[in-house]
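Worksheet for the structure shown next.
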Amino acid sequence: MDFTIRAVRPEEYEALGELTGQTYLNDGLLLHGENDFYLDVLKDTARRARESEVLVAADAEDGIIGGVTFALGGTPWADIAVPGEAEFRMLVVGPSARGRGVGEALVRTCADRARALPECARLVLSTDVAMVRAHRIYERMGFVRTPERDWEPVPGHRLRTYALEF
């Protein structure tokens, strides 16, 4: 691996926020483009870091090349995780870093963190139907679809869910 996974540093909040927001925009994941309310949420790394755990993938050449938010069930950043579960959200990999295993490494780190928690039985996630490459990573890592937990954060935008049992 030519990159490191670690906790985001305060001086990196803005860079990760921009990477996260631009990735969602460029990948067509925001229903209202630059006017989507969720763009501000994606860019607010400082808030996420205060209320959950935010991890980055960093390399010596490009700096921050990816990131993810890890939350315990029942906390503010858990969309679908309940107590006894953990969840990851806002997984992004910059365009120049794709294909290097960055996304999988970030997911593995989340799985390792969740698995290490004695009260945690599974790691869950929500994903857009269009994120086919990500779905393949999740399935290769042992995540299984949980269609009974699929949901709509806003009307008309259905998200798929997956879980990894421990």
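A few points about this structure:
- Heavy-atom surface analysis with a 1.4 Å probe gives the range 1-150 a carbon and sulfur content of 50 percent of its accessible area.
- Lys/Arg +1, Asp/Glu -1 at C-beta; the chain dipole; positive extreme among Thr20, Cys110, His157: Cys110
- When only Cα pairs below 8 angstrom with a gap of at least 6 residues are kept, the chain shows a relative contact order of 17 percent.
- Candidates Leu42, Leu31, Leu123: whichever shows maximal mean-square fluctuation once the chain is modelled as a Gaussian network with Cα springs under 10 Å: Leu31
- Panel note: the C-alpha atoms of the chain, placed on their principal axes, show extents of 39, 36, 30 Å (largest first).
- Shape category assigned to the range 62-121 from the gyration tensor of Cα positions, a/c cut at 1.5: prolate
- For the range 14-53, the Cβ-based charge dipole about the Cα centre amounts to some 100 debye (Lys, Arg positive; Asp, Glu negative; other atoms uncharged).
- Rounded accessible area per residue of the range 60-148, 1.4 Å, Å²: 46 Å²
- Gyration tensor (alpha-carbon) shape descriptor, the range 1-62, a/c threshold 1.5: oblate
The values are calculated or read from the model by the stated rules, or taken from the named source; none is laboratory data. Quantities reported herein were computed from a predicted structural model and do not represent experimental measurements. Note: ideal-geometry Cβ built from the backbone for every residue, glycine included; neighbour counts use all protein chains shown. For accessibility, only protein heavy atoms count, side chains too; no ligands or nucleic acids. Shrake-Rupley method; radii C 1.70, N 1.55, O 1.52, S 1.80 Å.
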